[in-house]
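Below is one structure, written out as structure tokens; the observations come after it.
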Amino acid sequence: MTKTGEMHLRTLRDGRDVYLRGERVDDVTSHPAYRNSVATSALLYDFQAAPENIEALTFVSPDSGERVNRCWQLPESYEELLTRRHALESWAGCHYGFLGRSPDHVASGLAGMIMGAEIFDKWDMARAGALRDYFRYARDNDLYLSYVIINPQADRSKSAGDQDDPYLTARLVDEDAEGITVRGAKMLGTSCIMSNEVWVTTIQPLKEGEEPYALSFAIPMNQKGLKILSRKSYEEAADSEFDNPLSYRFDENDAVLYFDDVKVPWERIFIAGDVAMCAQQFHATPSHVHQNYQCQIRLNVKMRFLLGLAHKIAETNGIVDILSVREMLGQLAADAALVDALLTAMEVKGRQVGRYFVVDRHMLYAAQVQTQQLYPRVIATLKELAGGGMIMLPSSVEDFANPQLAEYIHRTQGSPLFSPEDRVKFFKLAWDAVGSEFASRHVQYEMFYTGAAFVTKGHSYRSYDWDGATQLVGRMMDSYSLQDTLAKLGEKQDGD
């Protein structure tokens, strides 16, 4: 049976240890800090299970025979890659690109590891077996996975093993025949409050001597000893859906995960104590590329939404025909086309890696470099287009319930496009997308979810065809010489 929203909600009532404002949260499906975003996650599964969507968004698992989301599909051709892309794009449309860690993200990373699992075979057959078994389990149960792959910042001039507290970052404490014990913290647990399980590893470089931090494993969110330390909930602070329509529905939350001597069984462990393998799991397999390809699919949807806001802002303010405004909108259209074109390019330039078809690595990293810079610029442009329109709004939907205030609203919120009520509704939406605390978090997220700028630019540098570029330069230089030039000069002088 295809996973539905109600099936997902039942799995989240599992006794997980979530903490907010000094108290433990008993049920994330009903708590006012999380219930709406959790409901959004359930909506995704209802959407995929709808009769009109099930063929496009799901495929039949080769092991269970049940239909599961196409995020688990391992594309073996360009055509299969596009089929999967369209499914993920349709899913992203359910949240307009605002769920950065929707279920298809970490699933894509795990799928990418499986696409290069021979790396694990060469290293340790037992760990390779655990990885394959876990992938089948996660896929066939259509799990919502999150991950924590970054260390707590603390002193960023020091690596994990050089911090004052050796247990600041999650590390191996002990191991026995049953598994390992882990103590310490990891971040950023985006969407952990509504996921079924979490993949725990590190994408940050480790050095020799830091083997206890070189871990990769997956555990349920209710694993004994796992503490989920939630950030402030923007959803809970949203006055109403009318006033904060995006943060009301799509605040996926972020959290620090603390492992208070968590026991992890061997069948859930992919790496334990190997620094090199921690890097290879991402970069010697298609994992890093495949999961970030999903990010670009999601961002492409989000860009279309933001451009829709931009054009409606101009129409709402009656400035859409002003030349300078058209220039701004034209730049935004070019920015959106860049994201779309890079997404298409990484697919068209993709190649077979063994039996699987993988997007072009450099096109993916080029897209990340560009979009890290592009997103805050787009947000700034929307603010410039709106001016004070997004700020000078009624304080709350409750103002409409007061007849006298409602009359003032009708007099002061005029627009050539909208009624006063719809103008307020629209600009409340626009502010939640570009100016609210929720929106500020999204700017930070889009700029840093894949690492600092020097990280993404480093990936772009390493994956570019520098040999091909320098060979062009060399061919040009080889086409002439000092001696030939002097000889030609002498012939010209003799002729004169």
**Request:** Determine if the range 73-91 includes at least one residue that is at pLDDT 95 or above, of a type in the set (Phe, Trp, Tyr) and under 19 Å from the mean Cα position of the chain (by Cα).
**Result:** yes
**Asked** Which one is nearest to residue 365 (Cα to Cα) among residues in the range 470-484 that are of a type in the set (Ser, Thr, Tyr) and surrounded by 10 or more Cβ atoms within 10 Å (Cβ to Cβ)?
**Response** 470
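Looking only at residues that are among the β-branched types (Val, Ile, Thr) and within 19 Å of residue 98 (Cα to Cα) in the range 29-60, which one is surrounded by the most Cβ atoms within 10 Å (Cβ to Cβ)?
Of the range 29-60, the ones among the β-branched types (Val, Ile, Thr) are 29, 38, 40, 54, 58, 60.
Adding the requirement that they be within 19 Å of residue 98 (Cα to Cα) leaves 38, 40.
Working: 38: 25, 40: 22.
Checked the range 29-60; the qualifying residue surrounded by the most Cβ atoms within 10 Å (Cβ to Cβ) is 38.
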**Prompt:** What strands (runs of 3 or more DSSP E) completely inside the range 1-102 contain at least 3 residues that are under 24 Å from residue 135 (Cβ atoms) and either out of contact with any His (no Cβ under 7 Å at 6 or more places or on another chain) or not basic (Lys, Arg) (or both)?
**Reply:** 58-60, 67-69
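Quick one: which helices (runs of 4 or more DSSP H) lie wholly within the range 408-469 and hold at least 1 residues that are farther than 18 Å from residue 364 by Cβ and at pLDDT 95 or above?
Values: elements: 420-434, 437-448, 453-463.
The qualifying helices (runs of 4 or more DSSP H) are 420-434, 437-448.
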**Fill in**
For residue 293, the lone unmet condition from (1) free of Cβ contacts under 8 Å to residues at least 60 places away in the same chain; (2) of a type outside the set (Val, Ile, Thr); (3) closer than 30 Å to residue 358 by Cα is (1)
**Message:** Quick check on the range 336-355. Is at least one of its residues aliphatic (A, V, I, L, M), more than 21 Å from the chain's Cα centre (by Cα), surrounded by fewer than 20 Cβ atoms within 10 Å (Cβ to Cβ) and closer than 30 Å to residue 420 by Cβ?
**Reply:** no
**Prompt:** Could you say whether any residue in the range 391-399 is exposed (fewer than 15 other Cβ atoms within 10 Å of the Cβ), touching a Ser or Thr at 6+ places or on another chain (Cβ under 9 Å), in the same structural domain as residue 296 (by TED's automatic domain parsing) and part of a helix (DSSP H, G or I)?
**Reply:** yes
**Request:** Would you point out which residue out of 275, 264 is more than 20 Å from residue 442 (Cβ to Cβ) and touching a Gly at 6+ places or on another chain (Cβ under 6 Å)?
**Result:** 264
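Counting only residues that are under 30 Å from residue 166 (Cβ atoms) and in contact (Cβ under 8 Å) with a residue 60 or more places away in the chain, how many does the range 241-276 have? Full working, then the answer.
First, the residues of the range 241-276 that are under 30 Å from residue 166 (Cβ atoms): 253-276.
Now restrict to residues that are in contact (Cβ under 8 Å) with a residue 60 or more places away in the chain: 253-275.
Residues meeting the conditions: 23.
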**Members of the range 61-77 that are over 25 Å from residue 10 (Cβ atoms) and either surrounded by fewer than 15 Cβ atoms within 10 Å (Cβ to Cβ) or not assigned by TED's automatic domain parsing to the domain that holds residue 103 (or both)** = 62, 76, 77
**Asked** How many of the residues in the range 128-182 are farther than 22 Å from residue 450 by Cβ and either part of a strand (DSSP E or B) or touching a Cys at 6+ places or on another chain (Cβ under 6 Å) (or both)?
**Response** 9
**Message:** Looking at 53, 69 in this structure, which one is under 24 Å from the mean Cα position of the chain (by Cα), over 28 Å from residue 354 (Cβ atoms) and among the polar types (S, T, N, Q)?
**Reply:** 53
**Prompt:** Can you tell me which residues in the range 10-28 are farther than 16 Å from residue 192 by Cβ and either buried (at least 17 other Cβ atoms within 10 Å of the Cβ) or not acidic (Asp, Glu) (or both)?
**Reply:** 10, 21, 22
**Asked** What's the number of the condition residue 76 fails, among (1) out of contact with any helix residue (DSSP H, G or I) (no Cβ under 8 Å at 6 or more places or on another chain); (2) free of Cβ contacts under 8 Å to residues at least 40 places away in the same chain; (3) not polar (S, T, N, Q)?
**Response** (2)
**Prompt:** For the range 81-100, which residues satisfy the criterion of being buried (at least 23 other Cβ atoms within 10 Å of the Cβ) and over 19 Å from residue 304 (Cα atoms)?
**Reply:** 84
**Request:** Output the qualifying pairs, or none if there are none: Cβ atoms under 8 angstrom, residues six or more apart or on different chains, first residue in the range 8-34 and without any contact (Cβ under 8 Å) to a residue 24 or more places away in the chain and of a type outside the set (Lys, Arg), second residue part of a strand (DSSP E or B) and surrounded by 18 or more Cβ atoms within 10 Å (Cβ to Cβ).
**Result:** 31/20; 31/25
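The values are calculated or read from the model by the stated rules, or taken from the named source; none is laboratory data. Remember, it's a predicted structure, so these values are computed and weren't measured experimentally. With ideal geometry, Cβ positions are generated from the backbone for all residues, glycine too; neighbour counts draw on all protein chains shown.
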